Amino acid sequence: MQDLTYTSRGPRRRRNSDRWEAVLSHTDPVTGEVVRTFHTVEGKTRRQAERARDALILELVRAGNGLVNCNRLDHVADLTDHIVPCAAQTMEFLEAAKD
């Protein structure tokens, strides 16, 4: 089993608010590609935002535990269930319009 190791850039403040953008990256255990994810953390200062980002990383590592994210695969299956019927209807429409 491969552990996910997250790396991050420094947080960027979103406009003039207490919300910060945290960009995390990790290596996908299936494809081996580096994946970037964007998260929002809250903190009045940069230091508080960095602590919130570090807490987020710990939460992600504990939740993922190096396993493949099944939610992503479920999303692909749901998307496929939606696209295939739409494509079939489109093909029927085009065939009917051709005649």
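The values are calculated or read from the model by the stated rules, or taken from the named source; none is laboratory data. None of these values were measured; they are calculated from a predicted model.
Annotations for the structure displayed:
- Filter pass, R62 being at pLDDT below 85, part of a helix (DSSP H, G or I) and under 30 Å from R19 (Cα atoms): yes
- Boolean, R47 is at pLDDT 85 or above and either outside any strand (DSSP E or B) or at positive phi (or both): yes
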